[in-house]
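The values are calculated or read from the model by the stated rules, or taken from the named source; none is laboratory data. Fair warning: this is a prediction, and the values are worked out from it, not measured in the lab. Cβ: placed from backbone, ideal geometry, glycine included. Neighbour counts: every protein chain shown. The accessibility values were calculated without ligands, DNA or RNA, using every heavy atom of the protein model including side chains. Shrake-Rupley method; radii C 1.70, N 1.55, O 1.52, S 1.80 Å.
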Amino acid sequence: MTILTRQTDGRRPRLLTCHTRPPRIAAVSAPPAPAASGLTSERLAARALAAIPGGVNSGARRFPGVDDVVIVSANGATFTDATGRSLVDYHAAYGPVILGHCDPDVGAAFMDAVSTVDLTGLGVTPYEIALAEKLQEHVPCAERVVLLCTGTEATFYAVRLARAVTGRRLLIKFQGCFHGGHDAVALNVISAADRVGTKDPLSTGILPEVIDATLVLPFNDLDAVRHAVAEHRGEIAALILEPIPHNIGCVLPEQAFLEGLREVCDREEIVLIFDEVITGFRHGLGGYQAICGVTPDLASLGKAMANGFPIAALAGRADLMEQLSTVPGRPVMLAGTYNGHPGTAAAALATIEKMEREPVHDHIFRLGERVRTGLRSMFDRIGVEAYVTGLGSVWVTYFLSGPVRSYDDLLRNDADLYVGYRRRLVERGIFELPANLKRNHISYAHTDAHVDELIDATEWAVLRELEQRGAR
Ligand code: PMP
């Protein structure tokens, strides 16, 4: 890859990537075809179980009805498992896959970069510079950017930075929002009804004093925020939220709530953190902050930024970000062996450039709207109470009567039907994660024909599920 420096409209020089060599993807050996290698899906799953606890590398990859799945290939809108079954994918690996699986442009950019430069643990590469500038260009709060590997790291450093600059201890989060696995935020996501309103950690092994330092409030409830802030005046370092709580499907924020949070944070000198790991890039290149017009002090980004390559970012106000130890002598420690890896940075650049160049968002938003309206009229026709919601390329069908303002409302969801129809969809070759409150995503590789099939198959799956319960 050649890096050209070009002056754009008299502003500072920008680094542009230019692919001069043919992509070398063909050099990467494909996984062995199960039949040809004599490996069966069962044998592979057994080997996984013997080597990896539970046989999977994330606690969120194994669900009843889809256990022991070994994925051997993925392409466009589908993935294929070791039994040879192909599924149209609406799970999208929890959101990153926005262009479609194994996008050739992104893969080529990655291969090109890693055959040019890899990690040296010193300085910076042109890929990192170009990507940081891209984020500055698109994301309103991104006066400065650091590149990390995961969303968890991004929210971890955001909280550390907020505590450091304010000298305060407490953090506010909202019931239903997920911000990764670190101790300060690993609580109160999909809580059982009797745990709502109490501290509900996602794990054992978290120090009680860390849990004590996080206050959990209901989403879309500005009075609750004002009350907590008044009660703990001068003690709250940061307020963190998913601007749309997508970890419980899709609970749309009220504009007055987001604006009110900004006002409270300004008045009380609290750092406002938008966790845009899902909303960033999926809803638009500037994230939800560019849509709602409320600019946070810090934002975490990841997932759709690189179509599935492992890269994330922390972006924010220059005066805060310049406190990170990447600036010599500054007090807030930030380091990471793989931060800003040239390969993943190149993959992110290629993803963003494709979204700039091609009508990616137009396409996925149009299909998203078709799914939502199609499902609503289908449910009306068959007389099933369903609340179909979402934004852009994200949709979800809750089985409850609306409206939905916060997590409490989702306790009314018929979780058995929600999970049950999704398990049946697998029989029709469609994959929506069979887990309660999980959302669906459309990628640039999905088509109108996929949408038609989805609506038809959903009707079949919901009716079968209801029949089996004797509800029809
Ligand atoms: N924030 C949000 C909103 C997320 O959805 C996730 C992951 N689902 C994270 C943070 C953590 O990101 P990662 O899994 O990359 O650590």
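The slack in the chain from ALA93 to VAL124, taken as 0.36 nm per residue of separation less the alpha-carbon distance, amounts to 8.2 nm.
In this structure, the amide hydrogen of SER73, modeled 1.01 Å from its nitrogen in the peptide plane, lies closer than 5 angstrom to those of THR80, counting only residues at least 5 positions away or on a different chain.
What is the packing order of peptides 95-105, 151-161, 327-337, 397-407, taking the mean over residues of other C-beta atoms within 10 Å and listing the highest first? Before the final figure, lay out the partial values.
Numbers: 95-105: 21.6, 151-161: 24.2, 327-337: 11.6, 397-407: 18.5.
Those peptides, ordered most packed to least, come out 151-161, 95-105, 397-407, 327-337.
Summing charges over neighbours of ALA82, with a neighbour being any other residue whose Cβ is under 14 Å away from its Cβ, gives -1 when K and R count +1 and D and E count -1.
When GLU353, GLU242 are compared by accessible area at a 1.4 angstrom probe, the order from most to least is GLU353, GLU242.
Note on LEU466 and GLU143: their simple-model spin labels are 5.5 nm apart, each label 7 Å out from Cα toward Cβ.
Principal axis analysis of the Cα atoms in segment 117-357 yields extents of 51, 39, 36 Å, listed in decreasing size.
Averaging the sequence gap over all C-alpha pairs within less than 8 Å and six or more residues apart, then dividing by the number of residues, gives the chain a relative contact order of 19 percent.
SER58 exposes around 40 Å² of accessible area when a 1.4 Å probe is run over every protein chain in place. Sorting THR279, THR204 on solvent-accessible area from highest to lowest, probe radius 1.4 Å, gives THR204, THR279.
Starting from the Cα-Cα distance between ASP380 and ILE291, subtract it from 0.36 nm times their residue separation and give me the gain in nm to one decimal. Write down the numbers at each step before the final one.
Values: separation 89, 0.36 × 89 = 32.04 nm, distance 3.07 nm.
Net length gain for the segment: 29.0 nm.
Taking 17 Å as the cut-off, the amide N atoms of segment 151-190 that come nearer than this to a point 7 Å along the Cα-to-beta-carbon line of ALA60 belong to 151-157, 174-190.
With a 1.4 Å probe rolled over the protein heavy atoms of all chains, the accessible area of MET111, MET378 falls in the order MET111, MET378, largest first.
Just subtract the alpha-carbon distance of GLU263 and THR198 from 0.36 nm times their residue separation and send over the number in nm, one decimal. Write out the running numbers ahead of the final one.
On the way: separation 65, 0.36 × 65 = 23.40 nm, distance 2.68 nm.
Length gained, GLU263 through THR198: 20.7 nm.
Between LEU207 and ASP223, the distance separating the two model label sites (each 7 Å from Cα on the Cα→Cβ line) works out to 3.7 nm.
Over every pair of different alpha-carbon atoms in the chain, take the mean of 1/r and invert it; report that Kirkwood radius in Å.
Details: mean 1/r = 0.0427 Å⁻¹.
Evaluated over the chain, this radius sits at 23.4 Å.
How much net charge surrounds GLY420 when only other residues with a Cβ under 15 Å from its Cβ are counted (Lys, Arg +1; Asp, Glu -1)? Display every interim value, and only then the final one.
On the way: positive: ARG422, ARG423, ARG424, ARG428, LYS438, ARG464, ARG469, ARG472; negative: ASP414, ASP416, GLU427, GLU432, GLU459, GLU465, GLU467.
Neighbour charge sum, excluding GLY420 itself: +1.
Determine the relative contact order of segment 117-357: mean sequence separation of Cα pairs under 8 Å and six or more apart, normalised by residue count, in whole percent.
Values: 464 pairs, mean separation 68.8, N = 241.
Across segment 117-357, relative contact order equals 29 percent.
Net charge in the neighbourhood of LEU202 (other residues with Cβ under 15 Å of its Cβ; Lys, Arg +1, Asp, Glu -1) is +1.
Filter the chain for me: DSSP H helices, axial length by Cα at least 24 angstrom, mean Kyte-Doolittle hydropathy not below -1.0. List them by residue number. Intermediate values should be presented prior to the final figure.
On the way: long enough: 360-382 (33 Å, -0.40); 448-468 (30 Å, -0.36).
The qualifying helices are 360-382, 448-468.
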